[in-house]
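Undergrad: Below: one structure in structure tokens.
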Amino acid sequence: MALLFLKQKLFPGQDKRSAGKLGKPLLAPDDSTLNSDQDDIESQRSYSTFRPSSPTSESGSTSSSRSRINPRIVSDAILGLSDGLTVPFALSAGLSAFGNTKVVVLGGLAELAAGAISMGLGGYVGAKSEAESYETTVRETKELIETSPSETSMIVHDIFSTYALPEEAISQINTSLHASHGRLLDFLITFYHKESEPDCNQAWISAITLALGYFVGGFIPLIPYFIFSQVIVALYWSIGVMAITLLAFGYVKTCVVRGWQGRENIAAGIKGGVQMCFVGGVAAGAAIALLRMFGGGA
């Protein structure tokens, strides 16, 4: 005790400093460290808040927010154009055997009108049938949920058992889905029947896309017959125009599906263009041969 009393009298400041140090926890950071850390945090917050976003983040947000074309519209446009570029071209080439441009033009326009209407009606009826099929699937699934919960539980179990999930996890998921009929209905429609709700305007969109694609594609081979009075000259120009058009259409159609870059995609696009030219040439040749054959027989 005496030694402690003498130490306090002789070294009072040292005891205060040691008391200040002892008053803090062992692992507590120093005040200067806390202040520096807080300053760093504030600087990081201000930097992350006001700094401009990187090009990668901007491009990612732009690509995610960019609207994409409905694949069904692309499919209908390709179907309409492919039929329009081959059938009317073959018909006009075959009608040129009569040697009269007026016959070719009138026959081609009549076929264009009938073909466009037929393609449009076919697209409309097909889209309506898909919508009716979806409604039937929804109605039958609702009846199944209300009348046979055990069967729907087995369906859910079979779907998740293919992913080798534990039985406990599957049971929890099954219970959660059956707690809400609406949620169970969406799950069964999406993962069991593998169907999606069609657009309410899909029938009209398909009809218009197919009809316009067929008319635009079929009008191209008729353009030379409006310009030249001699049938043989118009036929040669029509063949040349359609060769370039079919080659370009086949290339674009293939690259839209596969991609535009890369040696393999370019080779596939050229192959698709050559195939379209071959199909159009065979169709036109068959039409000319048939008309000449029947015309010669008459």
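Undergrad: Could you order peptides 112-124, 256-268 by the average number of other Cβ atoms within 10 Å of their residues, highest first?
TA: Per-residue Cβ counts within 10 Å, averaged per peptide and sorted highest first, yield 112-124, 256-268.
Undergrad: Counting only protein heavy atoms, what percent of the accessible surface of the range 72-296 is carbon or sulfur at a 1.4 Å probe?
TA: For the range 72-296, the apolar C and S fraction of the accessible surface comes to 66 percent.
Undergrad: Right, another one. Could you provide, to the nearest whole Å², the per residue accessible area of the range 72-296 with probe 1.4 Å?
TA: Values: 12890 Å² over 225 residues.
On a per-residue basis, the range 72-296 sits at 57 Å².
The values are calculated or read from the model by the stated rules, or taken from the named source; none is laboratory data. The structure displayed is predicted, hence computed values, not measured ones. Note that we place each Cβ from the backbone using ideal geometry, even for glycine, and neighbour counts take in every protein chain shown. Quick note on the areas: whole protein, heavy atoms, side chains included, nothing else; ligands and nucleic acids left out. Shrake-Rupley method; radii C 1.70, N 1.55, O 1.52, S 1.80 Å.
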